[in-house]
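The values are calculated or read from the model by the stated rules, or taken from the named source; none is laboratory data. No experiment lies behind these values; they were computed from the predicted model shown. Cβ coordinates were reconstructed from backbone atoms using ideal geometry, including for glycine residues, and neighbour counts include every protein chain displayed. When the accessible area is computed, the model is the full protein with side chains, heavy atoms only, and any ligands, DNA or RNA have been set aside. Shrake-Rupley method; radii C 1.70, N 1.55, O 1.52, S 1.80 Å.
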Amino acid sequence: MRGQIVKALSGFYYVDTGEGAPIPCRGRGKLRHRRLTPLVGDRVEITRLEDGTGMVDAVLTRKNEFSRPAVANIDQMVIVCSGAVPVTDPFLIDRMAAMAEWKGCEPLIVFNKCDLERAEELARLYRQAGFSALQVSAGTGEGLDALAGAIAGKVSAFTGNSGVGKSSILNALGPDFRLQVGEVSEKLGRGRHTTRHVELFPVAGGLVADTPGFSAFDVEQMEAIPKEELATAFREFGPYLERCRFQGCAHVKERGCAVREAVAEGTIALSRHRSYVRLYEQAKEIPEWETRKK
């Protein structure tokens, strides 16, 4: 049988096969020998046992994987931000969007609290860069239908700085999500020695990785993007990367750089290039072996 792991807890992987409740499974010893740990989000092959449990026989090819939280096959990174208090630093948006691009999932930028501040200029900037950018309000419900449509049929991960309203948005999208989060939080707690499990929750016709009651995607703890690959994680740089005068251009301060020329002409937003330079300088300080841990 084939299915998708929707929860990992206490050594069991709960596999949704589309036929009834998820099946609690253990991993085969051969997976351990290959140093392959199944992750929530993995598509797997399992064998059903007589007692109703199962064994994970194989993990199918992943399109991406993350370590914090430990999930795989994320379709979409929903970057929740705000133009109202707390105001999101555009660098944080750029950093998360670059990580999503590098990991092969689509960034979706959501400006919450639009009833207080619509963040029109920022939304326009990201749309011009080629991103989908939605303006929503968890309080009034504005824009939530569009967000629900963007989530439907996908595995999404929500991230964003504290206070921007990730929990409020998810609770507004899924009336039963608040209950699920409360039940899990009460059951597992947040003590120092508590093991936090990872789960995919159904929300608005899609699946959302983890819960805002535990932690959002922790970009600070994610792998670093190698400086040689960073430019490809800024999608609007793409048309200019092969036009630079010198091969191996870093697109930071080099003469004849087509990316910098596009910035000067206003085709690429100055703030986006500044974020790129900041990330590039950070990546230069990281040992090469560390940047290769995907």
- Task: Pick out the one residue from Arg32, Arg2 that is without any contact (Cβ under 8 Å) to a residue 24 or more places away in the chain and charged (D, E, K, R).
- Result: Arg32
- Within the set of pairs 6+ apart or on separate chains, which have a first residue in the stretch 61-75 that is surrounded by fewer than 21 Cβ atoms within 10 Å (Cβ to Cβ), a second that is part of a loop (DSSP other than H, G, I, E, B) and among the β-branched types (Val, Ile, Thr), and C-beta atoms under 8 Å apart? Asn64/Ile74; Ala70/Thr37
- Task: Starting from the stretch 203-231, keep only residues that are under 14 Å from Ala283 (Cβ atoms) and open to solvent by 20 Å² or more (accessible area, probe 1.4 Å), then list their pairs with residues that are part of a loop (DSSP other than H, G, I, E, B) and modelled with pLDDT of 90 or more whose Cβ atoms are within a distance under 8 Å, requiring at least 6 positions of separation or different chains.
- Result: Lys227/Ala250
- Query: If we keep just the residues of the stretch 144-167 that are at pLDDT 95 or above and open to solvent by 30 Å² or more (accessible area, probe 1.4 Å), which is farthest from Pro86 (Cα to Cα)?
  - Reply: Gly153
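Here's the yes/no breakdown for (1) open to solvent by less than 20 Å² (accessible area, probe 1.4 Å); (2) farther than 15 Å from His197 by Cα:
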| site | (1), (2) |
| --- | --- |
| Ser10 | no, no |
| Gly29 | no, yes |
| Arg32 | no, yes |
| Glu45 | no, yes |
| Gly54 | yes, yes |
| Val59 | no, yes |
- Message: Suppose the filter is open to solvent by less than 40 Å² (accessible area, probe 1.4 Å), in contact (Cβ under 8 Å) with a residue 24 or more places away in the chain and either more than 14 Å from Met99 (Cβ to Cβ) or not acidic (Asp, Glu) (or both); does Val252 pass it?
- Response: yes
- Taking the stretch 107-124 and keeping only residues that are open to solvent by 20 Å² or more (accessible area, probe 1.4 Å) and out of contact with any helix residue (DSSP H, G or I) (no Cβ under 7 Å at 6 or more places or on another chain), one is left with Lys113, Asp115, Leu116, Glu117, Arg118, Glu120, Glu121, Arg124
